[in-house]
Amino acid sequence: MALTAGIVGLPNVGKSTLFNAITKSQVEAANYPFATIDPNVGVVEVPDDRLWKITEVVDPKKTVPTTFEFTDIAGIVKGASKGEGLGNKFLANIREVDAICHVVRCFDDENITHVSGGIDPKDDIETINLELVLADLESVSKRYEKAAKMAKSKQHEAVVEANVLGRIKEALEAGTPARALDFNEEEMGFVKQLFLLTMKPVLYVANVEEEDAASGDNEHVQAVREIADAEGAQVVVVCAKLEEDLATMEEDDRAMFLEDLGMEQSGLDVLIQRSYTLLGLATYFTAGEQEVRAWTFKKGMKAPQAAGIIHSDFERGFIRAETVHYDDLMTYGSMQACKEHGKYRSEGKDYVVQDGDIMLFRFNV
């Protein structure tokens, strides 16, 4: 699935440090604005304990996790919608991603400059959100003028488009993102054509100091949570510098270090998982002697479309999907035992694939 989450925020909030940790790569992370000019794209494994438990049962020759993409986008500054800084370029980069991971600085460090001169998560969030709103408002206003004229013809599609654009324009003028509005199926068809920045789902990433990583809380984080709660968004707390260090450790050392910190799971693992689900993604598995593999699919997909993720021939010649759920495999201990207990199913073209399904596709082309 070619879906990606973009890491955005003001300069010097820890975006590139976070990206380094996510991808275990080394993009430039310098203490000045615009250290990152071109977006960096990194592919990461999606943490999923189920894959390794299936591997223990099946004992394949190899195991392959599913992956997810993050794009590190350079810092936005006030006035970006009017081209300030490198605004137009960065806004275009955001337009190309499917979800936004909004990194907010929630730590005090006099050695790291802040573009606003002080740490204020509320102001930082409002700065970014306003620039996205203004960019959308400019494009929607232009399109609305044309649509309003077309609507005078009373043609159904023209009237619907004008009404939708009018609602969005009114919301944006009030500083409200387009994603806060409700649209029916027909209206959503028009909305998708607009490629609005403020329609993209948002996950707030509170970047804290190491001493706050375990508790996941401080006064700055609380400010971020208040804003997220009002928007119906989620917050993930990470210490980007700590996660960058963790990313260089061997797995055993990493686990011990997390235990010493009192953390059950890396903040980055949580971020990857939350970003994955933010886009409505889920995982099914294939399992055999040669390979156990995790596959990313969009929730709501039917079996033939899910099969097509592996190969287009699987979808084109789909016959059926022999399916057992992960929970049943863990309960009964083997594929054969699942069959004996009636948990091994044969599903047809209308079957909606579920997260955790283990599938064998039968096809003929």
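Numerical summary
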item: Residue list for the stretch 111-126, restricted to those being at pLDDT below 90 and among the β-branched types (V, I, T); result: I112, T113, V115, I119
item: Of residues in the stretch 304-354 being among the acidic types (D, E) and open to solvent by 80 Å² or more (accessible area, probe 1.4 Å), the one nearest to T283 (Cα to Cα); result: D327
item: Residues satisfying the stated conditions in the stretch 263-289, i.e. touching a Leu at 6+ places or on another chain (Cβ under 6 Å) and among the aliphatic types (A, V, I, L, M); result: L278, L279
item: Test set (1) modelled with pLDDT of 95 or more; (2) touching a Gly at 6+ places or on another chain (Cβ under 9 Å); (3) more than 22 Å from L278 (Cα to Cα) - R50 fails condition number; result: (3)
item: Flag for V159 being over 22 Å from S275 (Cα atoms) and either assigned to a helix (DSSP H, G or I) or out of contact with any Pro (no Cβ under 7 Å at 6 or more places or on another chain) (or both); result: yes
item: E170 being free of Cβ contacts under 8 Å to residues at least 12 places away in the same chain and either more than 23 Å from L91 (Cβ to Cβ) or among the polar types (S, T, N, Q) (or both); result: no
item: Residue match in the stretch 354-365 (condition: at pLDDT 95 or above, within 30 Å of M249 (Cα to Cα) and either in contact with a strand residue (DSSP E or B) (Cβ under 7 Å, 6 or more places away or on another chain) or not charged (D, E, K, R) (or both)); result: yes
item: Selected residue [outside any helix (DSSP H, G or I) and open to solvent by less than 60 Å² (accessible area, probe 1.4 Å)] from A255, A223, A228, A282; result: A282
item: Of residues in the stretch 296-338 being assigned to a helix (DSSP H, G or I), within 28 Å of the chain's Cα centre (by Cα) and of a type in the set (D, E, K, R), the one nearest to I54 (Cα to Cα); result: D327
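The values are calculated or read from the model by the stated rules, or taken from the named source; none is laboratory data. Keep in mind that this is a model prediction, so the values were computed, not measured. So basically every Cβ, Gly included, is an ideal-geometry build from the backbone, and we count neighbours across all protein chains shown. Side chains included, ligands, DNA and RNA excluded: accessible areas come from the protein's heavy atoms. Shrake-Rupley method; radii C 1.70, N 1.55, O 1.52, S 1.80 Å.
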